[in-house]
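> One structure coming up, written as C-alpha cells, with questions to follow.
Please treat every number below as a calculation from the coordinates, not as lab data. Keep in mind it's a predicted model, so treat the numbers as computed, not measured. Please note: Cβ atoms are built from the backbone with ideal geometry, for glycine as well, and neighbour counts cover all protein chains shown.
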Amino acid sequence: MIELRDVWFSYNSGKPIIHGVNLRLSNEITIIIGPNGAGKTTLLKIIACLYKPDKGDVLIDGVNFWKLKSKEKLIMRRKIVYVHENPVLFKGTVMDNVTYPLIIRGHSLEKAREKALKLLKSLKLEYLTDRKRNELSAGEFQLVAIARAIISGAKYIVLDEPTSNLDLEHRIVLESIIREIVKSGKQVIIATHDRLFALKLNTEIIEINNGEIRSILHSKDLYQEIEEFIKKAGKKSLNS
C-alpha cells in the first residue's frame, strides 16, 4: 500500500501545486482523474517518489520513504516504476528494451530473452520483438514502455496518461495488459483525463482539481453521473 499524509508540494518554493493531500492507495487499480493542470502528473510523481513533498509523508508499505538513507531509498525505489506519458525507449530493438531491466539485475541474456518473449506473448505484443524504436507507432511505443515496466519486477506500476497516444485497438490491448498486471499481484496507479477509460477498469477513482482531492468514488458512481448528465442533456434538447 502507498499512503500520502498531509502532502504539500510546490515548484521552486512558489505557489503550492498540491494542497494537503491524504490518500491510501490499496486497491489493485486506482485511477486519478482531473482536467489538464489539475495536478495529476505532479501527484503521480509524488506517489512514485520522484518528487519530494515540501511537507507531509509518503509511506511505501508502511515505510516513510523520505526518511530513509540513500541506499535504502534505492532499494525501495525498485518497488515502484513510473511510465511517463511520452516514454523514452533505448536504441536497439523492442527485445533489447524489454530485457534491459533483467540484464541490469544480473540475469543472463538467454534467461532475460526467454522471460521477455514470454511476457510479450502474454500481452500479444510478440510481433514487435525485433522492431526498432523508430519503427513503432506512438501507441506501440507506449505499450512497449509499459511491458518494460512490468518485467522490472516492481510491485507498483505508475502510469501517466497511458491512453494519450492509443487508438481503439491499442486501448483494448492496454486494458488487457492492466488486468494481467493485477493478476500477478501488482498494483496499478493511473493518472488520466479519460473518464471512459476509467469507467472500463471498474475500480476506485480519485478526482483531483487545483491540487486538491475533490472526491473519491467507484467507477460505477461515475457511470451514474454520466448517465444522469446524458438524461438532462436529452431533456434540454427536447424542450428547446
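> Please list the helices of the chain that count as membrane-span-like by this rule: a mean Kyte-Doolittle hydropathy of at least 0.5 together with Cα atoms stretching 18 Å or more along the helix axis, each helix being a complete DSSP H run. Could the numbers behind the result be given before it?
On the way: long enough: 109-122 (20 Å, -0.65); 138-151 (20 Å, 1.40); 168-183 (23 Å, 0.41); 219-239 (30 Å, -1.08).
Taking the DSSP H segments of the chain (at least 18 Å long, mean hydropathy at least 0.5), we get 138-151.
> Let me ask you something else. Would you mind counting up the charge near E161? Only other residues with Cβ under 9 Å from its Cβ, with Lys and Arg at +1 and Asp and Glu at -1. Write down the numbers at each step before the final one.
Working: positive: K40; negative: E85, D160, D194.
Cβ neighbours under 9 Å give a net charge of -2.
> I'd like the antiparallel share, as a percent to the nearest 5, of DSSP beta bridges with both residues in the chain. Spell out each step's value before the answer.
On the way: 20 of 38 bridges.
DSSP beta bridges in the chain are roughly 55 percent antiparallel.
> OK, next. Using the alpha carbons of region 76-115, what is the convex hull volume per residue in cubic angstrom, as a whole number? Present the calculation step by step, with values, prior to reporting the outcome.
On the way: hull volume 3.5 nm³, N = 40.
Per-residue hull volume (Cα only) is 88 Å³.
> Continuing with the same structure: Let me know the whole percent of all Cα-Cα pairs from region 154-199 that are separated by more than 14 Å. Please report the intermediate quantities before stating the final value.
On the way: 512 of 1035 pairs.
Percentage above 14 Å: 49.
> Measure up K79/K186; K45/K200; K40/K121 against 21 Å on the Cα-Cα distance and list the ones that go over. Working shown, then result.
Numbers: K79/K186 10 Å; K45/K200 24 Å; K40/K121 32 Å.
Violating the 21 Å limit, Cα to Cα: K45/K200; K40/K121.
> Here is a further query. May I ask for the Kirkwood hydrodynamic radius of region 12-131, worked out over all distinct Cα pairs and given in angstroms to one decimal?
On the way: mean 1/r = 0.0578 Å⁻¹.
Over region 12-131, the inverse of the mean reciprocal pair distance is 17.3 Å.
> Aspartates and glutamates near K73 by alpha-carbon distance under 19 Å, same-chain residues fewer than 8 away left out - which ones?
Within the straight-line cut-off, K73 pairs with E3, D54, D57, D61.
> Let me have the relative contact order for region 9-110, percent, based on Cα pairs under 8 Å that are six or more residues apart. Walk me through the numbers on the way to the answer.
Details: 54 pairs, mean separation 16.5, N = 102.
About 16 percent, as a whole number.
> For the peptides 136-149, 2-15, 26-39, 72-85, what is the packing order when you average, over each peptide's residues, the other Cβ atoms within 10 Å and list the highest mean first?
Details: 136-149: 20.6, 2-15: 14.6, 26-39: 18.5, 72-85: 16.3.
Per-residue Cβ counts within 10 Å, averaged per peptide and sorted highest first, yield 136-149, 26-39, 72-85, 2-15.
> Another question about this same structure. Between R131 and R105, what is the label-point separation in nm under the 7 Å Cα-to-beta-carbon projection?
2.5 nm
> Please report the relative contact order for the chain, taking Cα pairs under 8 Å with a sequence separation of at least 6, and give it as a percent rounded to a whole number.
So the answer I get is 26 percent.
> In deg cm²/dmol and to the nearest 500, what is the mean residue ellipticity at 222 nm of the chain if only DSSP H runs of at least 4 residues count, each as -39500 (n - 2.57), divided by the residue total?
On the way: 8 runs with 97 residues, N = 240.
That comes out to -12500 deg cm²/dmol.
> Largest first, please: the extent of the C-alpha atoms of region 79-156 along each principal axis, to the nearest Å.
For region 79-156, the Cα extents along the three principal axes come out at 30, 25, 23 Å.
> Could you give the Stokes-Einstein D for region 1-82 in µm² per second, using the C-alpha Kirkwood radius, 10 °C, 1.306 mPa s? Numbers along the way, then the final one.
Values: Rh = 13.2 Å.
Translational D for this selection: 120 µm²/s.
> Tell me which label goes with the value of semi-axes √(5λ) of the Cα gyration tensor in Å computed from the coordinates here: (i) 26, 22, 17; (ii) 31, 25, 15; (iii) 27, 19, 18.
(ii)
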